[in-house]
Amino acid sequence: MSPMEFYLPIVWAVLIAAAVGLYVILDGFDLGIGILFPFTRKEEERDTMINTIAPFWDGNETWLILGGGGLWVAFPAAYSIIMPANYLPVIVMLLALIFRGVSFEFRGVAKPKHGAWDIAFTAGSTIAAFAQGVILGSLIQGITVVDNKFAGGAFDWLTPFSLMCGVGLVLGYALLGATWLIARTEGEIEARARGHARMLMLAVLVFVGVVSLWTPLGFERIQERWFSTPSIYFLWILPAVTLLVAFGAWRWLASGAVAKPFFATIALFLLCFIGLAISTFPYLVPPTLTIWDAAAVPDSQIFSLIGVLLMLPIILGYTVFVYWTFLRHGKVVVGSEGYH
């Protein structure tokens with residue numbers, strides 16, 4: 001294997017992981033707002049919740065497209081396995097995201113009656129989050145591959161572990177949405193979001209703990225990664241830091257801090273992401289296909305990488321500009337004119 005063949009897949013894996021991670025964080029609080037929608041009855045408060053994400057939500061989904069497109073371009077063998085193994089949850093996720101987008105647009109012109117579109121917004125957000133968690137669970141538990149082709153059944157993704165991951169991600173996105181509302185609103189909405197965030201923090205910690213134990217204890221290849229020597233001597237630091245961050249988030253929620261709970265929640269997601277990388281790298285399709293096995297030819301990777309590196313600064317610049325433009329105006333108050 002030449003140096004080019006060795007390092008290019010690593011570069012692409014890092015780019016795709018970064019894109020997916022940014023999507024989870026940025027679109028996560030958008031989806032979280034939709035998940036929390038039923039817990040707010042007043043129409044003007046729902047409008048305020050929508051206004052907190054109106055300038056950002058559609059741009060956030062760009063990172064999902066970049067991650068999926070990067071997988072297709074750089075790792076076509078993995079793409080051709082992951083997709084048929086998860087056809088149903090992927091299709092459900094995409095339809096839910098479309099449903100959410102349509103409801104977001106139409107509720108703004110359906111005044112004064114938003115009822116049907118509010119239901120669609122909540123359903124689309126919750127189903128999309130659940131489907132993403134199920135897909136994640138199916139990848140962690142492994143996909144049946146024979147001769148570099150998917151050889152499993154249409155419902156191999158449907159297991160108690162993947163369903164637990166789906167519920168856990170719904171709760172995680174709801175926590176992101178609640179802490180976002182704490183940072184971006186005031187009055188009754190902020191107080192309610194703070195109460196939701198406390199309950200959700202406990203629920204998320206329970207699910208993270210169960211999945212973190214289930215993953216190494218239920219899958220031998222991951223157990224060897226975490227509990228073999230010398231890994232066991234330093235990998236304990238990750239769960240310790242996770243508990244420390246969660247404790248800090250809980251204290252900040254109780255003390256009335258505004259932005260710190262949101263950033264602490266982001267830190268929890270990043271720590272979980274690191275734990276996932278430790279459990280699976282270098283396998284792109286556990287437990288058989290590594291990033292080098294699944295990689296496209298170097299020429300194809302280089303050609304696509306040039307395009308990504310040209311576009312990435314534009315996407316990042318636009319994202320930073322939009323967030324800076326709207327966040328610097330302070331909190332969104334009930335009754336203020338919306339952006340949408």
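Contact annotation: residue pairs with Cβ atoms under 9 Å, 6 or more positions apart or on different chains, pairing a residue in the stretch 290-313 that is under 24 Å from THR280 (Cβ atoms) with a partner that is at pLDDT below 90 and of a type in the set (Gly, Ala, Ser), are PRO298/SER2. Could you tell me which numbered condition SER255 fails, if it satisfies all but one of (1) surrounded by fewer than 19 Cβ atoms within 10 Å (Cβ to Cβ); (2) farther than 30 Å from MET1 by Cα; (3) touching a Gly at 6+ places or on another chain (Cβ under 9 Å); (4) of a type in the set (S, T, N, Q)? The one condition SER255 does not meet is (3).
Highlighted here are the helices (runs of 4 or more DSSP H) found entirely within the stretch 226-340 that include at least 3 residues which are under 30 Å from SER80 (Cβ atoms) and modelled with pLDDT under 90: 260-280. Within the bounds of the stretch 143-156, is there any residue that is out of contact with any helix residue (DSSP H, G or I) (no Cβ under 8 Å at 6 or more places or on another chain), at positive phi and either without any contact (Cβ under 8 Å) to a residue 24 or more places away in the chain or part of a helix (DSSP H, G or I) (or both)? Yes, because at least one residue in the stretch 143-156 is out of contact with any helix residue (DSSP H, G or I) (no Cβ under 8 Å at 6 or more places or on another chain), at positive phi and either without any contact (Cβ under 8 Å) to a residue 24 or more places away in the chain or part of a helix (DSSP H, G or I) (or both).
Go through the stretch 215-252 residue by residue and tally those that are charged (D, E, K, R), surrounded by fewer than 16 Cβ atoms within 10 Å (Cβ to Cβ) and closer than 22 Å to VAL285 by Cα.
Step one: filter the stretch 215-252 for residues charged (D, E, K, R), giving 220-221, 224-225, 251.
Those left that are additionally surrounded by fewer than 16 Cβ atoms within 10 Å (Cβ to Cβ): 220-221, 224, 251.
Remaining after also requiring closer than 22 Å to VAL285 by Cα: 220-221, 224.
Final tally of qualifying residues: 3.
Among the candidates ALA197, ALA203, the residue that is in a helix (DSSP H, G or I), surrounded by fewer than 18 Cβ atoms within 10 Å (Cβ to Cβ) and in contact (Cβ under 8 Å) with a residue 24 or more places away in the chain is uniquely ALA203. Return the pairs, sorted by first residue and then second, in which the second residue is part of a helix (DSSP H, G or I) and charged (D, E, K, R), the first residue lies in the stretch 57-82 and is closer than 21 Å to GLY32 by Cβ, the beta carbons are less than 8 Å apart, and the residues are 6+ apart or on different chains. Short answer, once both residue conditions are applied: TRP57/ASP27; TRP57/ASP30; ASN60/ASP27; ASN60/ASP30; GLU61/ASP27; TRP63/ASP27; LEU64/ASP27. Give the residues of the stretch 184-194 that are part of a helix (DSSP H, G or I) and over 13 Å from ARG46 (Cα atoms), sorted by residue number. Residues satisfying the conditions are ARG184, ALA191, ARG194. Against the list (1) closer than 26 Å to ILE33 by Cα; (2) in contact (Cβ under 8 Å) with a residue 12 or more places away in the chain; (3) among the basic types (Lys, Arg), the condition ARG251 fails is (2).
Residues checked against (1) over 22 Å from the mean Cα position of the chain (by Cα); (2) at negative phi; (3) not polar (S, T, N, Q):
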| position | (1), (2), (3) |
| --- | --- |
| GLU220 | yes, yes, yes |
| SER231 | yes, yes, no |
| GLY256 | yes, no, yes |
| PHE263 | no, yes, yes |
| PRO287 | yes, yes, yes |
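Only residues that are under 16 Å from ALA17 (Cβ atoms) and surrounded by fewer than 18 Cβ atoms within 10 Å (Cβ to Cβ) were counted across the stretch 277-289, and they come to 4.
Take the residues of the stretch 127-161 that are among the polar types (S, T, N, Q) and under 24 Å from PRO76 (Cβ atoms): which is surrounded by the most Cβ atoms within 10 Å (Cβ to Cβ)? Step by step, filter the stretch 127-161, then rank; the result is GLN132.
The values are calculated or read from the model by the stated rules, or taken from the named source; none is laboratory data. In this text the structure is predicted, and so the values were computed from the model without any measurement. A quick note on method: Cβ atoms are made from the backbone with ideal geometry, for glycine too, and the neighbour counts reach across all protein chains shown.
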